[in-house]
1. Positive end of the dipole of the chain, charges at C-beta (+1 Lys, Arg; -1 Asp, Glu), about the Cα centre: which of 165, 34, 235 has its Cα farthest in that direction?
2. Which of 274, 331, 58 moves most in a GNM of the chain, Cα contacts under 10 Å?
3. Ordered by residue, what ³J(HN,Hα) values in Hz, to whole numbers, does segment 211-221 give under the Karplus form 6.51 cos²θ - 1.76 cosθ + 1.60, where θ = phi - 60° and Gly and Pro are x?
4. Once you have the Cα-Cα distance between residue 188 and residue 318, take 0.36 nm times their residue separation minus that, and quote the gain in nm to one decimal.
5. If you average the sequence gap of Cα pairs under 8 Å that are 6 or more apart and divide by the length of the chain, what percent do you get for the contact order?
6. Using amide H atoms built in the peptide plane, which far-off residues or other-chain residues are under 5 Å from residue 92 H to H?
7. Charges at C-beta only: +1 for Lys and Arg, -1 for Asp and Glu. How large is the resulting dipole of the chain about its Cα centre, in Debye rounded to 20?
8. In this model, which of 100/144; 51/288; 227/252; 51/103 are farther than 25 Å apart at the alpha-carbon?
Amino acid sequence: MVDAVTNSAAESQLLSPLPWQQSLWARLLDQHQQNRLPHALLICAAAGMGKEQLAIALGQYLLCQQPENGQACGHCKSCLLSDQGTHPDLVRIAPDDVGKPIKVDQIRALVETITRSAQQGGYRVVVLGPAEEMNVNAANALLKVLEEPGDQTLFALYSHRPGRVMATIRSRCQSLSLPVPDTDAACDWLRQQAGFDGEPLEQLRLAGGAPMAALAQALEGQDEQRKTLYQTLKLIATQQLGPTQGSEKLAKLSLAAVLDWWLALVQDTLRYRLTDDADGINTLTAQKLIIGLSRRVNEQQMFEFADRIQQYRVNLMSRNNPNERLLLEDLLIRWGNLTNRR
Ligand SMILES: [Zn+2]
C-alpha cells in the first residue's frame, strides 16, 4: 500500500496539507517563522495517511517566494515550477518500484545535486520515503549529508514503519507523528475526491482508517470487486452456487484482496455474534449477510476459518507460489461446509 498523492485540481502538482493535518501544519509553519525548523524531519504514520503529501506541501511552501495565509501562493515563479512538478530545488526520492529498495545510487545522485547551491537561490528540499526502504548502503550515504546538510536545506523523510528506519538516521531527524484522521473529516474528504463513489465509511474502515489508501482502492474499482465476493459468498452460503463455480466467479480478482475482504467479513461476523452491535460491522455492504451468518455458524469453526484465511494470506505473501485456484477452491468448500450447518 502506498501513500498516493492526490490533488483535486486535476493535474496540478501544487499540494496542500490534508484536512486532518492542519494543526501539525500550523506547528510546522510556526517553527519555520521562528527559525526553528529542523533540517531533517521524519514524518511517521501508517501507509495511506498522507505523509508524502504533507512533506511535499511543506517543501513547496518553503520554496514559495510569497506565501499567503499559511499556503504557497500558487502564482510566483517557484509555485509555477512546483505546479508542474519540475522545481529543481525539490527532489523526491522513492523506490523505483513498489517493494524495491531505495538504492545507494539514488542517494549518491541526490548528494551530488544538493551539494550544488539551490538553483532558485532559496531552500532546497528533499522528500524521501518510505525511509525504511533504504538499504544499508543508501542509508549510510544519506547519513553523511544529514550530518552536514548546509543552510536552508530540509530533508523531509517519511516512514510507514519508523522502527525499521536505521537508528542513526532516526536520531538525526525530528520525528513527527501524523495524527490519525478523524472519521468524519476523512469521510468528507473522500466524498470530495474526483472519481470516488460508494460508501466512504466502509471503504475507510476496510482501509484501516487510512484515507489515501481508501481512495486508491476506490479508484482501482475495488468496490465492485468486493461486491462480487460478497455475492458469491452469499450464494454459496445459501447453497445456490457450488465452490467450483464460485472460484470461477472470483478467478479474475486479486486473491490477496479477496482474502483481506473475506477475513474482514468473518471477523465482522464473529464480532457481531459476540457483541450484538451492528455499529461494529466494518463491511457495511454485507451487513445483512453478516447478521444472518452470525446466527447460524459455529463460533469455534468460524475462528478456525479466520485463522486459515490468515495462514493462506501469509503463504501468499511469502511467495511460496501456492496454486491460487486450488487455495481459493479449498476455502470456498470450507465456507460452504461452515455456513450450511443445520
Ligand atoms: Zn508562491
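The values are calculated or read from the model by the stated rules, or taken from the named source; none is laboratory data. Just so we're clear, the structure is a prediction, and the values are computed from it rather than from any experiment. Glycine also receives a Cβ, built like all others from the backbone with ideal geometry; neighbour counts cover every protein chain displayed. Please note that ligands, DNA and RNA were not included when accessible areas were found on the heavy atoms of the full protein model with its side chains. Shrake-Rupley method; radii C 1.70, N 1.55, O 1.52, S 1.80 Å.
1. 235
2. 274
3. Once θ is set to phi - 60°, the couplings for segment 211-221 become x, 5, 5, 4, 5, 4, 5, 5, 5, 7, x Hz.
4. 43.1 nm
5. Over the chain, the number comes to 17 percent.
6. Sorted by chain and number, the residues that satisfy this are 127.
7. Value, rounded to 20: 800 debye.
8. Numbers: 100/144 23 Å; 51/288 36 Å; 227/252 13 Å; 51/103 21 Å.
Distance filter (> 25 Å) returns 51/288.
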